[in-house]
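This report concerns only the one structure given below.
Every number in this text was worked out from the coordinates using simple rules, so none of it is lab data. Please read all numbers here as calculations on a predicted model, not as lab measurements. All Cβ positions, glycine included, derive from the backbone under ideal geometry; neighbour counts span all protein chains shown.
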Amino acid sequence: MATPPQPLPSIVYAVYCGPIDQAAVQKITQGLSRATTESVKEVHVMFQSLGGGVGDGIALYNFFRAFTVDLTLYNVGNISSIALVSYLGAKRRRTNTFATFMTHRTTSPAIALEGGKLKAMTESVVLDDQRTEAILRKHITMPEDKWAALETGLWLTAAEAVKFGIADEIAEFAPPVGSKIFFF
């Protein structure tokens, strides 16, 4: 007979380090959804990702925005590409002093395609660029020369991320001694 899971504390500390893909979205949404069925008041997540799929990242962004428990994400090293869009969905966003952020235009895989499929892929990439840039511009206020860097890759320090509205403050992911830390 299976042992039922232990109840969650009122403040939950968790870690996600990995790509933003369908499996990650499933793990993260399942893990966070459990907090809504118990008496959890806050969730703090150490978040580290080099990015992944645009659709998966936007789904995670929308889930974070709709999440009914106070959610704080912490950049502890690097949040890149579509993971930055996901990060912007959290109610509170913190970053380590030495963490960085990176975003860029949408890329597509280098595969051989015939004309019609290549045209469809191009249209998909343009659409993904439009929707990710719309989310970025909704949250971020920075000079146009910084926005222009999206073409080649925009890298930002923690201090710049706070200045431009990506992160709310520089703060450490520091669960109190004895806290249980959950993993997605």
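To the nearest ten degrees, helix 22-37 and the longest principal axis of the Cα atoms of the chain are 40 degrees apart.
Largest GNM mean-square fluctuation across 82, 20, 135, computed for the chain with C-alpha springs under 10 Å, falls on 135.
Could you tell me the relative contact order of the chain? Use alpha-carbon pairs under 8 Å, at least six residues apart, and round to a whole percent. Provide the component values of the computation, followed by the final result.
Values: 326 pairs, mean separation 44.9, N = 184.
Taking the mean separation of contacting Cα pairs over the length of the chain, I get 24 percent.
Near residue 58: Cβ cut-off under 14 Å, other residues only, Lys/Arg at +1 and Asp/Glu at -1. The net charge is -2. For residue 76, the shell of other residues with beta-carbons less than 13 Å away shows a net charge of +1, using +1 for Lys and Arg and -1 for Asp and Glu. Applying the criteria of a DSSP loop state and at most 16 other Cβ atoms within 10 Å to the trypsin sites (Lys or Arg not before Pro) of the range 7-95 yields 41, 91. Can you work out the base-10 log of I(q)/I(0) for the range 112-167 at q = 0.14, 0.17, 0.31 1/Å, using the Debye formula on its C-alpha atoms alone? Log10 of I(q)/I(0), two decimals: -0.50, -0.65, -1.26.
Return one number: the angle in degrees, 0 to 90 and rounded to the nearest 10, between the long axis of the Cα atoms of helix 115-139 and the longest principal axis of the Cα atoms of the chain. Orientation of helix 115-139: about 50 degrees from the principal axis.
Each listed q (0.18, 0.21, 0.25 Å⁻¹) maps to a log10 I(q)/I(0) for the range 78-175, found by the Debye formula over equal Cα scatterers with no solvent: -0.83, -1.04, -1.36. The fraction of Cα-Cα pairs per 10 angstrom bin, counted from 0 for the chain, comes to 9, 36, 32, 15, 6, 1, 0 percent, rounded to whole percents.
For the chain, with a Gaussian network of springs between Cα atoms less than 10 Å apart, report the residue from 140, 58, 166 with the top mean-square fluctuation. The residue with the greatest mean-square fluctuation here is 140.
Would you mind checking 91/119; 27/163; 91/163; 41/138; 27/117; 91/180 for any pair whose Cα atoms are more than 29 angstrom apart?
Values: 91/119 38 Å; 27/163 32 Å; 91/163 17 Å; 41/138 27 Å; 27/117 32 Å; 91/180 22 Å.
Too far apart for the 29 Å limit: 91/119; 27/163; 27/117.
Where both bridge residues fall in the chain, DSSP classifies roughly 15% of the beta bridges as antiparallel.
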